[in-house]
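So the structure is just underneath, and the comments pick up after that.
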Amino acid sequence: MVALGGCGNASDNPVSNGNRLSAEARLTAINADMTIALTSNPGSLPQLTQDYISEVQSSETLLGADVAKQRLANTAGQLATSCASCAQSLNSAATQIAP
């Protein structure tokens with residue numbers, strides 16, 4: 001592991017940018033799985049929801065609090081009619097993110 005130090009804007013840091021892109025890709029993949037599960041395997045939604053919440057929480061520093069909250073809220077909206085408990089979990093996770 002290489003220790004990185006210094007100052008400056010994180011958005012100018014290629015490592016941070018790469019990590020953010022990786023986090024975005026993982027979230028997009030889980031979200032795609034959730035969309036598919038809505039029609040083909042709704043029973044998997046609670047586990048996918050927990051995976052999504054965990055990924056958002058672990059990526060919050062890279063994404064920023066506002067983006068993390070927005071991702072959770074948007075996903076809650078998508079699942080609200082199909083899995084109310086999933087939407088509730090997502091909304092609850094969003095409220096736990098500090099502004």
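Selection of segment 47-60 for residues being under 13 Å from Ser89 (Cα atoms) and either hydroxyl-bearing (Ser, Thr, Tyr) or in contact with a helix residue (DSSP H, G or I) (Cβ under 6 Å, 6 or more places away or on another chain) (or both) yields Leu48, Thr49, Asp51, Tyr52, Ile53, Ser54, Val56. Within segment 34-45, does at least one residue satisfy the condition of being part of a helix (DSSP H, G or I), at pLDDT 95 or above and under 21 Å from Thr95 (Cα atoms)? Yes, segment 34-45 contains a residue that is part of a helix (DSSP H, G or I), at pLDDT 95 or above and under 21 Å from Thr95 (Cα atoms). Looking across segment 7-33 at every residue that is modelled with pLDDT under 95 and of a type in the set (Asp, Glu), the one that is farthest from Ala84 (Cα to Cα) is identified as Asp12. Just so you know, in segment 81-99 the residues that are modelled with pLDDT of 95 or more and of a type in the set (A, V, I, L, M, F, W, C) include one that is farthest from Gly43 (Cα to Cα), and it is Ala94. Going by the structure shown, is Asp51 surrounded by fewer than 20 Cβ atoms within 10 Å (Cβ to Cβ), part of a helix (DSSP H, G or I), modelled with pLDDT of 95 or more and within 10 Å of the chain's Cα centre (by Cα)? So Asp51 fits the description; yes.
The values are calculated or read from the model by the stated rules, or taken from the named source; none is laboratory data. What you see is a predicted model, and the numbers here were worked out from it, not measured in a lab. Quick reminder, even Gly has a Cβ in these numbers, built from the backbone with ideal geometry, and neighbours come from all protein chains shown.
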